[in-house]
Amino acid sequence: MSEWQAIILAIVEGLTEFLPVSSTGHMIIASALMGINELPITKIFAVNIQFGAILSVVVLYWRRFLNNFEFYQKLIFAFLPAAVIGFLLNDVIDAMLGSVFITALMLVLGGVVLLFVDKWFAHAQESKITYKNALVIGFFQCIAMIPGVSRSAASIIGGLTQGINRKAAAEFSFFLAVPTMLAASVYKLIKDLLQLELSDVIKFDLVKIQNSFEVITAADLKLLLIGNVVAFVVAMVAIRFFINFLTKYGFKMFGYYRIALGIALLALLAMGVDLRV
């Protein structure tokens with residue numbers, strides 16, 4: 001992977017991670033078009049540049065992260081379902097992540113749902129999120145373990161079902177992304193980049209941990225640094241755009257976009273284009 005390819009992927013990640021359009025589908029298309037979808041570094045890169053995207057949320061909403069302990073309690077409530085289900089179904093989730101067809105299908109189906117979300121939840125006007133609301137949103141987020149669903153879309157819709165207004169639901173989705181994406185990124189970093197088992201880290205096996213760092217090259221570190229910086233900057237812009245757009249216009253345009261993207265992916269598959277990641 002070259003530096004310019006890393007920059008393009010990071011821009012795609014930053015633009016799509018917090019929008020209800022599925023960053024997975026976009027990363028598949030971008031890496032396939034650049035012919036790097038089969039490189040081992042690509043999958044590792046795609047997961048770990050999420051650190052930059054996570055940091056953008058913390059910087060933009062830093063006052064909220066200095067809030068009282070109740071804020072973090074609600075985040076924990078919302079994060080727990082993904083932590084438990086993700087751990088129990090890790091192998092199943094990994095298998096689905098390898099299916100471009102599932103990603104494309106979920107893009108289309110999720111797009112259809114977004115066409116009607118504004119009408120279904122027009123009554124959602126509440127801005128305060130309770131512990132119960134947070135837990136329900138957390139379970140909705142788990143639907144996004146199916147590639148193509150979009151973590152952002154699932155968690156926001158989860159908030160809408162609880163009567164939370166679009167702005168508050170979207171912002172809580174951003175906050176929830178911090179522990180969720182951080183946990184996923186750290187796990188993938190340990191497993192794929194450092195080639196360690198989680199048990200080695202828990203046992204603090206110094207020999208294995210030290211040896212694992214030998215698999216990381218200076219070039220890998222440079223690409224990851226570039227990717228995280230670019231993803232950070234682009235995600236900050238995307239979050240501000242999304243909140244303003246969502247408040248004024250709702251979800252319908254994102255629904256049309258998802259349907260078009262999903263159909264494009266299905267068409268590429270039908271033509272025999274290799275989209276494996």
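Name, by its number, the condition in (1) closer than 24 Å to residue 23 by Cα; (2) in a helix (DSSP H, G or I) that does not hold for residue 72.
Exception for residue 72: condition (1).
Considering only residues of the range 81-105 that are free of Cβ contacts under 8 Å to residues at least 60 places away in the same chain and among the small types (Gly, Ala, Ser), which is nearest to residue 132 (Cα to Cα)?
Only one residue fits best here, namely 95.
Determine which member of the set 154, 184 is modelled with pLDDT of 90 or more, under 22 Å from residue 53 (Cβ atoms) and either hydrophobic (A, V, I, L, M, F, W, C) or crowded, with 22+ Cβ neighbours inside 10 Å (or both).
The match here is 154.
Buried (at least 17 other Cβ atoms within 10 Å of the Cβ) and within 22 Å of residue 264 (Cβ to Cβ): does that describe residue 144? Spell out the reasoning first.
Working: buried (at least 17 other Cβ atoms within 10 Å of the Cβ): yes; within 22 Å of residue 264 (Cβ to Cβ): yes.
Answer is yes for this residue.
Residues that are among the hydrophobic types (A, V, I, L, M, F, W, C), under 16 Å from residue 144 (Cβ atoms) and touching a Gly at 6+ places or on another chain (Cβ under 7 Å): does the range 32-49 have at least one? Walk me through it before giving the result.
From the range 32-49, those among the hydrophobic types (A, V, I, L, M, F, W, C) are 32-34, 36, 39, 41, 44-47, 49; that's our starting set.
If we keep only those that are under 16 Å from residue 144 (Cβ atoms) too, we end up with 46-47.
Subset that is touching a Gly at 6+ places or on another chain (Cβ under 7 Å): none.
Within the range 32-49, not a single residue is among the hydrophobic types (A, V, I, L, M, F, W, C), under 16 Å from residue 144 (Cβ atoms) and touching a Gly at 6+ places or on another chain (Cβ under 7 Å).
Under 7 Å by Cβ, and 6 or more places apart or on different chains, what pairs join a residue from the range 34-54 that is closer than 19 Å to residue 238 by Cα with one that is part of a loop (DSSP other than H, G, I, E, B)?
50/17; 53/17
If I ask for residues that are farther than 14 Å from residue 250 by Cα, buried (at least 18 other Cβ atoms within 10 Å of the Cβ) and among the aliphatic types (A, V, I, L, M), which ones from the range 109-134 would you list?
Hits for the range 109-134 are 129, 134.
If residue 90 satisfies every condition in (1) within 24 Å of residue 249 (Cβ to Cβ); (2) out of contact with any Leu (no Cβ under 9 Å at 6 or more places or on another chain); (3) not charged (D, E, K, R) but one, which is the exception?
Going through the list (1) within 24 Å of residue 249 (Cβ to Cβ); (2) out of contact with any Leu (no Cβ under 9 Å at 6 or more places or on another chain); (3) not charged (D, E, K, R), residue 90 breaks only (1).
The values are calculated or read from the model by the stated rules, or taken from the named source; none is laboratory data. All figures in this text were calculated on a predicted structure; none of them were measured in a lab. Backbone-built Cβ (ideal geometry, glycine too); neighbour counts: all protein chains shown.
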